[in-house]
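S.K.: This structure is in structure tokens; I'll ask about it shortly.
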Amino acid sequence: MCRRDGTSSLVCRMTSDRRSIQLLPAVLVDAVLVSRSDSNLLSPTCRIRCWPVSARIVLPAVTVVRCPEAHARMSDTDSLLVSLDRLVGRLEAIFGPPGSSIVDDTALAHRWRTERGQGRLEPIYQTDGIRVEDLVAIQRQIGIVDANTRQFVAGLPRNHVLMWGARGTGKSSLVKAMVNRYADKGLRLIEIDAHDLVDLPAVVAPLRDRRERFVLFVDDLSFDADDASYRTLKAALDGSTAIAPDNVVIYATSNRRHLVPEHMADNEHSRIVDGELHHGEAVEERISLSERFGVWLSFHPFSQIQYLEAVSLWLERNGIDCLSDECRAEALRWALLRGNRSGRIAGQFARDYAGRLALAGT
């Protein structure tokens, strides 16, 4: 539905020399083109979807509407609507799908999606309900991230956060738990893949000047040596307001300590001066990116005691109150077969064990 102020009407953006008019279908000949100043002519029954104005191109705006004059010249109304649908498809191919830079106020989280070279924020309505109370063996990390998040939500100075370390130890879960804890204070989540970080300016553009606070979450962050996303993230961490405004903070997780591959060749330029090791430029460049995160937290593999504590917690969440000797032995074998002890492995075992017990009792 088109609004009379023209701000949400279908906008066809043309270059000043009108060359792009050649891309549009002939149905425009039978439609009325009105500028924003003539928006009082807009029909409230216009059946065309809406596009936000692209920040990448500054072009004169015109609006396509149905009007009695155009309708009178059409022998078949249905034919006009079919042509308009084709127009919508053509415009989507040029400018991207409608709502590409719109934040859904009803969603706690969004995911940045790229299709056919066009990016958009996709709302996530079913989010992970993980709570801080569900995390074990990382109390120190929880305290630090929670304090930084409270500062951020309150509009106070905050730091970007890098969490690195062993897989399955609660790095991603901690980020989601923070969003769940402070959602009622306006905290929201934006997920973006590491290879899409080159789109960072476009991702944060619709977030700027909104009242909510957004955690830009990059999971499993790592770079190749020639990755273009590396420079974009570096600029954001350096404090570029064009990339990371005050209501956006970056929380990243990685299995790599310094985010980029470490090769033996990097050490060839290292030297020892007066008994001290001085790294080469390649190593210094690698370290410099991770150091740009103000909060830098390590997550280590669980001990057996911590693993069993996590097993007990997740069994309780699945309706089993105590960890029997038999269950304890099964949990240890489960971890041994997977070659790892972590909160993720504990949760997987608990779900399997509780499911088998329930199935046997039916």
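S.K.: With the requirement that a residue be among the small types (G, A, S) and in contact with a Lys or Arg (Cβ under 9 Å, 6 or more places away or on another chain), what does region 189-205 give you? Before you say what the answer is, go through the steps one by one.
M.R.: Of all residues in region 189-205, those among the small types (G, A, S) come to 194, 202, 205.
Once the filter is applied, which keeps residues that are among the small types (G, A, S) and in contact with a Lys or Arg (Cβ under 9 Å, 6 or more places away or on another chain), region 189-205 yields only A202.
S.K.: Oh, and also: For region 171-186, does any single residue satisfy the condition of being touching a helix residue (DSSP H, G or I) at 6+ places or on another chain (Cβ under 9 Å), within 27 Å of D199 (Cα to Cα), in the same structural domain as S290 (by TED's automatic domain parsing) and among the polar types (S, T, N, Q)?
M.R.: So far as region 171-186 goes, yes, one or more of its residues are touching a helix residue (DSSP H, G or I) at 6+ places or on another chain (Cβ under 9 Å), within 27 Å of D199 (Cα to Cα), in the same structural domain as S290 (by TED's automatic domain parsing) and among the polar types (S, T, N, Q).
S.K.: Can you name the number of the only condition in (1) in a strand (DSSP E or B); (2) at pLDDT 70 or above that L277 fails?
M.R.: The number of the failed condition is (2).
S.K.: Filter region 336-362 down to residues that are of a type outside the set (D, E, K, R) and either more than 22 Å from I130 (Cα to Cα) or in the same structural domain as K171 (by TED's automatic domain parsing) (or both), then give me how many there are.
M.R.: Within region 336-362, the first condition is being of a type outside the set (D, E, K, R), and the residues that meet it are 336-337, 339-340, 342-343, 345-350, 353-355, 357-362.
Checking the rest, the ones that are also either more than 22 Å from I130 (Cα to Cα) or in the same structural domain as K171 (by TED's automatic domain parsing) (or both) come to 336-337, 339, 357-362.
So the count comes out to 9.
Results for (1) buried (at least 16 other Cβ atoms within 10 Å of the Cβ); (2) touching a Lys or Arg at 6+ places or on another chain (Cβ under 6 Å); (3) closer than 20 Å to I138 by Cα, shown as yes or no for each residue.
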{"site": "R317", "(1), (2), (3)": "no, no, yes"}
{"site": "C322", "(1), (2), (3)": "no, no, no"}
{"site": "D325", "(1), (2), (3)": "no, no, no"}
{"site": "L336", "(1), (2), (3)": "no, no, no"}
{"site": "N340", "(1), (2), (3)": "yes, no, yes"}
{"site": "I345", "(1), (2), (3)": "yes, yes, yes"}
{"site": "A350", "(1), (2), (3)": "yes, no, yes"}
{"site": "A354", "(1), (2), (3)": "yes, no, no"}
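S.K.: Among N255, N267, which is the only one that is modelled with pLDDT of 60 or more, more than 15 Å from V161 (Cβ to Cβ) and assigned by TED's automatic domain parsing to the domain that holds L207? Working first, answer last.
M.R.: On the way: N267 fails: modelled with pLDDT of 60 or more.
Result: N255 is the single residue among N255, N267 that is modelled with pLDDT of 60 or more, more than 15 Å from V161 (Cβ to Cβ) and assigned by TED's automatic domain parsing to the domain that holds L207.
S.K.: Given the condition assigned to a helix (DSSP H, G or I) and either surrounded by fewer than 16 Cβ atoms within 10 Å (Cβ to Cβ) or modelled with pLDDT of 95 or more (or both), answer yes or no: does some residue in region 95-105 qualify?
M.R.: Taking region 95-105 as the starting set, the residues that turn out to be assigned to a helix (DSSP H, G or I) are 95.
Of the ones still in play, those that are also either surrounded by fewer than 16 Cβ atoms within 10 Å (Cβ to Cβ) or modelled with pLDDT of 95 or more (or both) are none.
No, that holds for no residue.
S.K.: Moving on. Kindly indicate whether any position in region 140-154 is basic (K, R), modelled with pLDDT under 95 and out of contact with any helix residue (DSSP H, G or I) (no Cβ under 9 Å at 6 or more places or on another chain). Quick ask: steps written out before the conclusion?
M.R.: We begin by selecting, within region 140-154, every residue basic (K, R); these are 140, 150.
Cutting the leftovers down to modelled with pLDDT under 95 gives us none.
Within region 140-154, not a single residue is basic (K, R), modelled with pLDDT under 95 and out of contact with any helix residue (DSSP H, G or I) (no Cβ under 9 Å at 6 or more places or on another chain).
S.K.: Among the helices (runs of 4 or more DSSP H) lying completely within region 291-362, list those that include at least 2 residues that are in contact (Cβ under 8 Å) with a residue 12 or more places away in the chain and of a type in the set (S, T, N, Q). I'd like the intermediate steps shown before the answer.
M.R.: Values: elements: 304-317, 325-338, 343-360.
Qualifying helices (runs of 4 or more DSSP H): 304-317.
The values are calculated or read from the model by the stated rules, or taken from the named source; none is laboratory data. Since the model is a prediction, treat every value here as computed from it, not as a measurement. Note that we place each Cβ from the backbone using ideal geometry, even for glycine, and neighbour counts take in every protein chain shown.
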